[in-house]
Structures are given as structure tokens and as C-alpha cells.
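Notes follow the structure.
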Amino acid sequence: MIGSTLKVHEAEDDYRENMAQEIATRAAHPIAAREKSEDEAIKDAVKELQQERAADNDVTGTLNAEISDRQSDTRYPEAQIKAIRNRIIDKARDAADKNF
């Protein structure tokens, strides 16, 4: 029993870390564009992920139709995105812990 409980906790930790990485990646783009502050961008990234999650569970497809592509067409150098991602990862982890 202890081994299976440990595996569940490890899987939950892995999931939250993956969510944190996704939050940081999504938030990095509007930060790079100087469209949003770090906190605003992280909040919006969490909201997007929650909406996508709800849409995945919506058998009617209504929610999926309401989600629009919010990514900017402007592309930023990967090094810049990575630097921003690294700078905000702790905030993204906090957001993932609270929301997922």
C-alpha cells in the first residue's frame, strides 16, 4: 500500500510540475510582448488551461467552440522565452499548486 501511495503522490507532483511548465511557457509570450505583467500573464495562463480542461470534459463541444487561440502571431526568440520562463517558474509552480 505504501508503494502505491508513493506512486500516486509522485504522479501528482509530476502533473503539477508539467502544469507549472505549461503555465510559465504560456505566460512568457505576453510578458515578452510587454502586453501583461508577470502576475497577469500567469493568471491568464491558468484560466486558459482551466477552460481547456473544462472543454475537454464537455461532451457537447460547446466550450471547445468558445475557446479561441489567444497566442500572439508575433514570435520571440526562444532564448528570450526560456529566460522569462526560468524567471517566473516559481510563481507558475505556486499557481499550479493552487489550481491543479
Stretchable slack from residue 5 to residue 82, in nm (0.36 nm times residue separation minus alpha-carbon distance): 24.3 nm
29 Å Cα-Cα reach of residue 43 towards lysines, excluding residues that sit fewer than 8 places from it in its own chain: 82, 91, 98
Fully extended contour minus Cα-Cα distance, from residue 75 to residue 47, at 0.36 nm per residue: 7.9 nm
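No value in this document is a laboratory result; all are computed from the given coordinates. All of these numbers come straight from a predicted model, not from anything done at the bench.
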